[in-house]
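Trainee: The structure is given below, and queries will be raised subsequently.
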Amino acid sequence: MTPFKYTRASDAADAVRKGAATGVKFLGGGTNLVDLMRETIERPGELVDVSGLSTEIVETDEGGLRIGAGVRNTALAEHRRVRTAYPMLTRAMVSGASAQIRNMATVGGNLLQRTRCSYFYDEDGSRCNKRVPGEGCDAIEGFHRGHAILGASDACIAVHPSDMCVALAALDAVVHIEGAKGARTVPLVDFHCLPGDRPDIETVLEPGDLITAVELPPMPFAAASTYRKVRDRASYAFALVSVAAAIEIEDGQVRDVRIALGGVAHKPWRATRAEAALRGAPAGETAFAGAAATELAGARPLADNAFKVRLAERTIVSVLCELAGVTA
Amino acid sequence: MSIFDDAKQAAQGLVQAGMAKAVALAPDSWVPGGKPDPLIRQRHGAIGKPVSRLDGALKVSGKATFAAEFPVEAMTYAAMVYSTIAKGRITQITVSEAETAPGVVVVMTHRNAPRLNPPPAFLSESKAAAGDSLPVMQDERIYWNGQPVAVVLAETQEQADHAASLIRVGYEAEEAQTTFEAAREQGTQQSRFMGQPLHDEVGDAQDAFAKAPHKIDATYTTPRHNHNPIELHGVTLYWRGDGSLRVHDAQQVVAHTAYTLARTFGIDEKQVVVTSPYVGGGFGSKTLWQHQILAAAAARLAKRPVRMVLSREGVYRVVGGRSPTEQRVQLAATDEGRLTAILHRGLTVRTAHNVIAEPFILATRSLYGAETFLLDVHHVDFDMLGNTFMRAPGEAVGTFALESAMDELAHELGIDPIELRIRNEPEKDPISGLPYSSRNVVEAWRSGAERFGWERRNPVPGTVRDGGWLVGMGCATATYPYHRMPGGAARITLSADGRATLDLAAHEMGMGTSTAQTQVAADRLGLPMEAITFNYGDSTLPGLIMAGGSQQTASIGASVIAAYNKLVGELLKLAGNDSPLAGLKTEEVGSRDGGLCALDEPDRFETYASILARAQRDTISVEAEPPMPLETMHWSMHSYGAMFAEVRVNAVTGEPRVSRFLGSFDCGRILNSKTAASQFRGGIIMGLGLALMEETQFDERKGRVLNPSLSEYHVPVHMDVPEIEVMWTDIPDPHAPMGARGIGEIGITGTGAAIANAVYNATGRRVRDLPITLDKLL
Amino acid sequence: MSITINGKAVDPPEDPRVSLLDLLRDHLALPGAKMGCNQGACGACTVLVDGERVLSCLTLAAQMEGRSVTTIEGIGSPDVLAPLQQAFVEHDGFQCGYCTPGQICSALAMVEELRRGVPSHVTGDVSSEAIAFSSEELRERMSGNLCRCGAYNGIIDAITATCRETAE
Ligand SMILES: Cc1cc2nc3c(=O)[nH]c(=O)nc-3n(C[C@H](O)[C@H](O)[C@H](O)COP(=O)(O)OP(=O)(O)OC[C@H]3O[C@@H](n4cnc5c(N)ncnc54)[C@H](O)[C@@H]3O)c2cc1C
Ligand code: SF4
Ligand code: FES
Ligand code: FES
């Protein structure tokens, strides 16, 4: 680890002030940042600990929830309203990492966790455009079984590893940000970027921007939502593919639906094409399969991750069938 | 391997072959184990009891001190830099920034490293322990991607790590051999195991195969694996004023390591002391690698003690793993399912600097009574880190291929897979022709099948469904040989207060050795367990005993028997003519209740205390070596198991999960039923990993391991592991010390195939390429 | 502000790079918490911070100011083992013993989480307040603690024998 200074922010304004200097990074639970610093992939000169800030979950006037950026993953998962009104979020939380990590990790840090691409981690031995823009990407012709099938570029095929973000993408969450220029909000689906030719740019945050909260709008039909994660071992593994979904059915027809995918792209992937195909369609396996195929039609898999296309399609169909109470 | 070495090996092979014949034909009584160990008959002692581990209280309270935890004054902490090319030379290495970084004590590269001899590679001579024979940081040559190129010592670990990150290395890369296909095209070489070629022929197997009415011809592939003990390889060491080296290491070969370090540093063997009281798992990996040598070299340079703990990535860079294999198995059978030919041939990967090729045909040599055999292992040499033995080298991956093929054959013939195996039960070892010392695998099959509920299996694949899961059952034979390496020795010290101390340079890595051997010693000496002190894990103790090859139990057992017999002889001399034992010969005497007695007349008895008192002695101490392990040239000695798996495969995602597992073992006498059950389960769980998830990703473009971490190399977690049932025949092997064959490795054998066969039964898909990940089942 | 470790006040290290794990092992001679990866991937370094289980390898010691840390050394000693430690010995919940302190610390906090009703990946209905005690729940919740020796069955048995009543 490169030497750094450690300070704690007393409040958001203090954090934003401190964060304005170059080389400063905010510290949440440290479960990703400390690891990356040890690998010398991240070399901040100063850490401003923001894990003690905004640690509350409050109900909004509209009947949604405002989740502080400092809320620990476990606290979010076990929150009563989250469990009853947004169960897909609880399910996503508890399928991520391990209990110990969930006790440490914060919502802000989870949003900003970086990819687990092996070549990204191999700081001295491999080429990676995300670490060194323009250097090349060793994953494209290397091990990429876990890599992206949607929205990837010739520069980078990494995936965003978060489970939480997939549920947030499906739930129309909004990210609250405070920066030098004041406060602003960004919908979660616009918060993370596709790699394009600058995979080092991962979100719309400006240097020094602090995440203060994530807001969930009310979504009554999300009370019966779910999250399914497919992985190589039964627990403590990142997703190969995951699906967050909620569906509202009236008279056998899909009134409204939310679907987001994890493990398939550089960002949590909101399946807007599938959703559009489903609204107004009869709720049944045929429509679900058609919608899934529509979404995955845009997939550009490589040799070793082509299975993810089928896996994603099948998992979407299965999850929707389960929610709709029809057998696949 | 040089031509010279090949010739030497061939010559050794001839001598051994000649000797083997003589030993095979010798009368039983001339051979060690010819007369059963008297302890086999004793059924009411400590042996076999479920005694809890004697070191348990220390381990559960964090008070067992591991290698990297020994406090030493003026300690320095080490960090390493590893090469990023597979072959070539260092053209430039810039250390100035690192040298001036805060807290740095020394930066060592090939430019300033002390001159060292190349270490003798493991198995190249009896006491050798090194992973390979390459020079260690002596020049600018690079031999593998990941080779250490610099060591930093600093006052704290944080300072060392940071300084290491400041070192800049320039390389000139040369073309390296790191791709399987390219290497294969350049030609393959005959592989050897312990000096002997891995090649066997009985009859004309090709011809028998061509003529058979039923046959299987399939190719199975297994990837690289890493041992991944949870304890990182770490060492704390320092040089003493007298030029001696003190090493606190995590070791499964303390004496070999002391010898090899001494050779490397050009000092006397006695000047190196290696101790290792606790080892946080080894599985074949806790031997001598470059890190201990480099730590000692850096300590000499800095004149300070060194603690070097490899990072998890560091372990993958400098500690070898299991090599990949490509195995073709051809089975031929009659309509009744009698095997007429077994052909098991294939290819593995090695380096030119060590002698270890994955010997995947070992189990095939003696498992089934086919009429003809053609077995062979060839390898290609890579420019890579020298790989090594990992739990059940050969058998773990070899049984995956053979036992999958047996399942394929059973399916082809429409015979129950257990029945097929029983029909091919051999009367004597089909290749060596030796009689089996003890083989009760059929009993293990029958009792296991009953307990597992095998009769409930639907033989038609893909027919059983439970909700969203396809359910299947599979089975396979497990097997692992009895080994006993030459070089054992033990010292027994008996004191007048009725206590005994056993000293051996043996190891406890979690196998339960220290507990089980205390039980054995108690029974052998006729003392309560509390009166026994078992000292181990120290290179200054007697014996050259390797914790590997599941041979430690036999090696310790035979050594203690030799020392015990000597002790009895000495005690009889001391007892003299006034003792009730007067006139008895050593072999007529046994122990009970803190003393010696005549075996047929237990009332002729005198306590140790009384004998020693009369002779006016406080203690008596003897040391002895067991005879050469000729028993394995006289009998075919193997442990067996019948493995049963129930697997669930998700109908939507293809995720495979093991829902039930049973291992039914025939491993001779079980010395401690509690710790033995854990050994079996531990092996099975590693086999579950091998079947479903483990793979070291080796990027052939660079010859570099790309998943050097526990989050990307998957080992089974709690949730992957169901309750595992284990049972055993407990039939003593009359020709093994205590009647016990080793149990440490057999659990990983057969497991991969049992699971793969269950996957087939569940889904109708035959996966011949490990690991069986969901993409292969979609 | 100081850090409380097993009831004793300790000054935070001067170098903020020092992890809680290195503070314990290298600076305070408390090697009970083990290092198996230093990457958050094995759980061997698990300790309790204000009663919650966390990974000390990914925790900066500086973050612990004002907090109370309990390590395996604070749970029981070889002469006076805590009931769960005793159960690990009886049920053979370890072999090499290296992952063991982490397993035990993890299990103690896990039982509290169960009692508090924190749902897990295998909980059927995450909206229900009480979680049924089952082997599956224990296995999922303990999955952050790897054991390469494969002592998993014994660990679950030890936890079940000791903690079933507390958890329910
Ligand atoms: C072995 C392992 C397995 C894992 N498995 C999974 C998994 O299966 N699924 C999954 O989803 N995740 C998994 N994770 C990742 C884990 O979820 C993340 O590490 C965690 O969510 C990050 O949160 P944190 O608070 O610790 O972030 P930190 O590590 O503290 O920070 C991460 C980043 O966020 C920034 N940051 C933190 N807070 C703020 C803020 N308020 N404003 C602006 N920037 C901020 C930091 O500067 C840093 O760049 C795993 C991690 C490990 C180590
Ligand atoms: S996929 Fe992206 S993160 Fe991985 S090596 Fe390529 S550029 Fe780097
Ligand atoms: S050492 Fe902390 S999780 Fe492995
Ligand atoms: S007991 Fe050895 S790793 Fe768990």
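The values are calculated or read from the model by the stated rules, or taken from the named source; none is laboratory data. Everything quoted here is computed from the prediction, not taken from an experiment. Positions of Cβ are backbone-derived with ideal geometry, glycine not excepted, and every protein chain shown enters the neighbour counts. Ligands, DNA and RNA are excluded from the accessible area calculation, which covers all protein heavy atoms including side chains. Shrake-Rupley method; radii C 1.70, N 1.55, O 1.52, S 1.80 Å.
Trainee: Tell me, yes or no, whether region B:519-534 has at least one residue that is in contact (Cβ under 8 Å) with a residue 24 or more places away in the chain, closer than 24 Å to B:Pro732 by Cβ and of a type in the set (Ser, Thr, Tyr).
Mentor: No: zero hits.
Trainee: If a residue must be open to solvent by 10 Å² or more (accessible area, probe 1.4 Å) and assigned to a strand (DSSP E or B), how many such residues does region B:242-264 contain?
Mentor: Residues meeting the conditions: 2.
Trainee: Only residues that are outside any loop (DSSP other than H, G, I, E, B) and open to solvent by 40 Å² or more (accessible area, probe 1.4 Å): list them for region A:193-224, please.
Mentor: A:Glu215, A:Pro220, A:Ala223, A:Ala224
Trainee: Given the options C:Ser120, C:Ser106, C:Ser128, C:Ser134, name the one that is over 26 Å from B:His227 (Cβ atoms) and either within 16 Å of ligand 3 (Cβ to nearest atom) or in contact with an Asp or Glu (Cβ under 6 Å, 6 or more places away or on another chain) (or both).
Mentor: Within the list C:Ser120, C:Ser106, C:Ser128, C:Ser134, the selection yields C:Ser120.
Trainee: Among the residues of region C:116-162 satisfying the criterion of being open to solvent by 40 Å² or more (accessible area, probe 1.4 Å) and among the acidic types (Asp, Glu), which is nearest to ligand 1 (Cβ to nearest atom)?
Mentor: Across region C:116-162, the extreme among qualifying residues is C:Glu136.
Trainee: If a residue must be more than 16 Å from ligand 1 (Cβ to nearest atom) and of a type outside the set (D, E, K, R), how many such residues does region C:48-77 contain?
Mentor: Selection size over region C:48-77: 12.
Yes/no per residue for (1) within 16 Å of ligand 4 (Cβ to nearest atom); (2) outside any helix (DSSP H, G or I):
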site: C:Phe88; (1), (2): yes, no
site: C:Phe94; (1), (2): yes, yes
site: C:Asp125; (1), (2): no, yes
site: C:Ser143; (1), (2): yes, yes
site: C:Gly150; (1), (2): yes, yes
site: C:Glu165; (1), (2): no, no
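Trainee: Among the numbered criteria (1) outside any helix (DSSP H, G or I); (2) over 30 Å from B:Thr763 (Cβ atoms); (3) more than 14 Å from chain C (Cβ to nearest Cβ); (4) open to solvent by less than 20 Å² (accessible area, probe 1.4 Å), which one does B:Gly510 miss?
Mentor: (3)
Trainee: Now, a different point. For residues in region B:208-240 being open to solvent by 60 Å² or more (accessible area, probe 1.4 Å) and either of a type in the set (D, E, K, R) or without any contact (Cβ under 8 Å) to a residue 24 or more places away in the chain (or both), which is farthest from ligand 3 (Cβ to nearest atom)?
Mentor: Taking the candidates together, the pick is B:Lys211.
Trainee: Here's a follow-up. In region B:222-231, is there at least one residue being more than 23 Å from B:Ala396 (Cα to Cα), more than 16 Å from ligand 2 (Cβ to nearest atom) and either part of a strand (DSSP E or B) or within 12 Å of chain C (Cβ to nearest Cβ) (or both)?
Mentor: Checked region B:222-231: no residue is more than 23 Å from B:Ala396 (Cα to Cα), more than 16 Å from ligand 2 (Cβ to nearest atom) and either part of a strand (DSSP E or B) or within 12 Å of chain C (Cβ to nearest Cβ) (or both).
Trainee: Looking at this structure, is C:Glu113 touching a residue at least 24 places away in the same chain (Cβ under 8 Å), among the acidic types (Asp, Glu) and not assigned by TED's automatic domain parsing to the domain that holds C:Leu138?
Mentor: No: the conditions fail for C:Glu113.
Trainee: Tell me whether region C:81-89 contains one or more residues that are more than 23 Å from B:Pro277 (Cβ to Cβ), open to solvent by 30 Å² or more (accessible area, probe 1.4 Å) and more than 9 Å from ligand 3 (Cβ to nearest atom). So that I can check it myself, show each step before the final result.
Mentor: Here is the first cut: in region C:81-89, the ones more than 23 Å from B:Pro277 (Cβ to Cβ) are C:82-84, C:87.
Of the ones still in play, those that are also open to solvent by 30 Å² or more (accessible area, probe 1.4 Å) are C:83.
Those left that are additionally more than 9 Å from ligand 3 (Cβ to nearest atom): C:83.
Looking through region C:81-89, at least one residue is more than 23 Å from B:Pro277 (Cβ to Cβ), open to solvent by 30 Å² or more (accessible area, probe 1.4 Å) and more than 9 Å from ligand 3 (Cβ to nearest atom).
Trainee: Checking the conditions here, which among A:Ala77, A:Ala85 is in contact (Cβ under 8 Å) with a residue 40 or more places away in the chain and either buried (at least 24 other Cβ atoms within 10 Å of the Cβ) or outside the structural domain of A:Gly30 (by TED's automatic domain parsing) (or both)?
Mentor: On the way: A:Ala77 fails: in contact (Cβ under 8 Å) with a residue 40 or more places away in the chain.
Within the list A:Ala77, A:Ala85, the selection yields A:Ala85.
Trainee: Restricted to region A:285-308, and to residues that are assigned to a helix (DSSP H, G or I) and buried (at least 22 other Cβ atoms within 10 Å of the Cβ), which residue is nearest to the other protein chains (Cβ to nearest Cβ)?
Mentor: Looking only at region A:285-308, we keep the residues that are assigned to a helix (DSSP H, G or I), and these are A:285-296, A:307-308.
Now restrict to residues that are buried (at least 22 other Cβ atoms within 10 Å of the Cβ): A:288, A:291-292, A:295-296, A:308.
Working: A:Phe288: 12, A:Ala291: 16, A:Ala292: 12, A:Glu295: 17, A:Leu296: 14, A:Lys308: 8 Å.
Among those that are assigned to a helix (DSSP H, G or I) and buried (at least 22 other Cβ atoms within 10 Å of the Cβ), it is A:Lys308.
Trainee: Open to solvent by less than 30 Å² (accessible area, probe 1.4 Å) and either of a type in the set (Ser, Thr, Tyr) or farther than 29 Å from B:Arg328 by Cβ (or both) - does that describe any residue in region B:195-204? Walk me through how you get there before you give the answer.
Mentor: The initial filter retains those residues of region B:195-204 that are open to solvent by less than 30 Å² (accessible area, probe 1.4 Å), namely B:195, B:198, B:200.
Adding the requirement that they be either of a type in the set (Ser, Thr, Tyr) or farther than 29 Å from B:Arg328 by Cβ (or both) leaves none.
Among the residues of region B:195-204, not one is open to solvent by less than 30 Å² (accessible area, probe 1.4 Å) and either of a type in the set (Ser, Thr, Tyr) or farther than 29 Å from B:Arg328 by Cβ (or both), which makes the answer no.
Trainee: Going through region B:756-778 one residue at a time, which ones are away from chain A (no Cβ under 14 Å) and either open to solvent by less than 10 Å² (accessible area, probe 1.4 Å) or touching a Gly at 6+ places or on another chain (Cβ under 6 Å) (or both)?
Mentor: Of all residues in region B:756-778, those away from chain A (no Cβ under 14 Å) come to B:756-764, B:766, B:768.
Residues satisfying the conditions are B:Ala756, B:Asn757, B:Ala758, B:Val759, B:Asn761, B:Ala762, B:Thr763, B:Gly764.
Trainee: For region C:1-53, which strands (runs of 3 or more DSSP E) that fit wholly inside it have 1 or more residues that are more than 20 Å from C:Leu108 (Cα to Cα) and either facing chain B (nearest Cβ under 8 Å) or open to solvent by 40 Å² or more (accessible area, probe 1.4 Å) (or both)?
Mentor: Fully inside region C:1-53 and qualifying: C:8-10.
Trainee: Moving on. Given the condition within 16 Å of ligand 3 (Cβ to nearest atom) and more than 24 Å from A:Val243 (Cα to Cα), answer yes or no: does some residue in region A:104-124 qualify?
Mentor: yes
Trainee: Separate question: Just give me the residues in region B:653-675 being more than 19 Å from B:Leu688 (Cα to Cα) and more than 14 Å from chain A (Cβ to nearest Cβ), in sequence order.
Mentor: Scanning region B:653-675 gives B:Asp666, B:Cys667, B:Gly668, B:Arg669, B:Ile670, B:Leu671, B:Asn672, B:Ser673, B:Lys674, B:Thr675.
Trainee: I would also like to ask the following. Being open to solvent by 40 Å² or more (accessible area, probe 1.4 Å), closer than 22 Å to A:Thr115 by Cβ and away from chain B (no Cβ under 14 Å) is the filter here; which residues of region A:24-70 pass it?
Mentor: A:Lys25, A:Phe26
Trainee: I'd like the residue in region B:649-685 that is within 23 Å of the chain's Cα centre (by Cα) and among the hydroxyl-bearing types (Ser, Thr, Tyr) and, out of all such residues, is most open to solvent (accessible area, probe 1.4 Å).
Mentor: If we take residues in region B:649-685 being within 23 Å of the chain's Cα centre (by Cα) and among the hydroxyl-bearing types (Ser, Thr, Tyr), then B:Ser673 is most open to solvent (accessible area, probe 1.4 Å).
Trainee: Every residue in region B:111-134 that is open to solvent by less than 40 Å² (accessible area, probe 1.4 Å) and in a loop (DSSP other than H, G, I, E, B), please.
Mentor: B:Ala113, B:Pro114, B:Leu116, B:Pro119, B:Pro120, B:Phe122, B:Ala128, B:Ala129, B:Gly131, B:Asp132, B:Leu134, listed by residue number.
Trainee: From the list A:Asp124, A:Asp163, A:Asp154, A:Asp138, which one is open to solvent by 30 Å² or more (accessible area, probe 1.4 Å), of a type in the set (Asp, Glu), in contact with a Ser or Thr (Cβ under 6 Å, 6 or more places away or on another chain) and more than 16 Å from ligand 4 (Cβ to nearest atom)?
Mentor: Step by step, each of A:Asp124, A:Asp163, A:Asp154, A:Asp138 is checked, and only A:Asp124 is open to solvent by 30 Å² or more (accessible area, probe 1.4 Å), of a type in the set (Asp, Glu), in contact with a Ser or Thr (Cβ under 6 Å, 6 or more places away or on another chain) and more than 16 Å from ligand 4 (Cβ to nearest atom).
For every residue, the table says whether it meets (1) closer than 26 Å to B:Thr275 by Cβ; (2) in contact with a helix residue (DSSP H, G or I) (Cβ under 7 Å, 6 or more places away or on another chain); (3) open to solvent by less than 40 Å² (accessible area, probe 1.4 Å).
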{"residue": "B:Gln517", "(1), (2), (3)": "yes, yes, yes"}
{"residue": "B:Val560", "(1), (2), (3)": "yes, yes, yes"}
{"residue": "B:Ala563", "(1), (2), (3)": "yes, no, yes"}
{"residue": "B:Glu606", "(1), (2), (3)": "no, yes, yes"}
{"residue": "B:Thr619", "(1), (2), (3)": "yes, no, no"}
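Trainee: Give A:Glu39, A:Glu46 a once-over and let me know the one that is under 16 Å from C:Gln63 (Cα atoms) and either more than 8 Å from ligand 1 (Cβ to nearest atom) or modelled with pLDDT under 95 (or both). Full working, then the answer.
Mentor: Values: A:Glu39 fails: under 16 Å from C:Gln63 (Cα atoms).
Unique residue meeting the criteria: A:Glu46.
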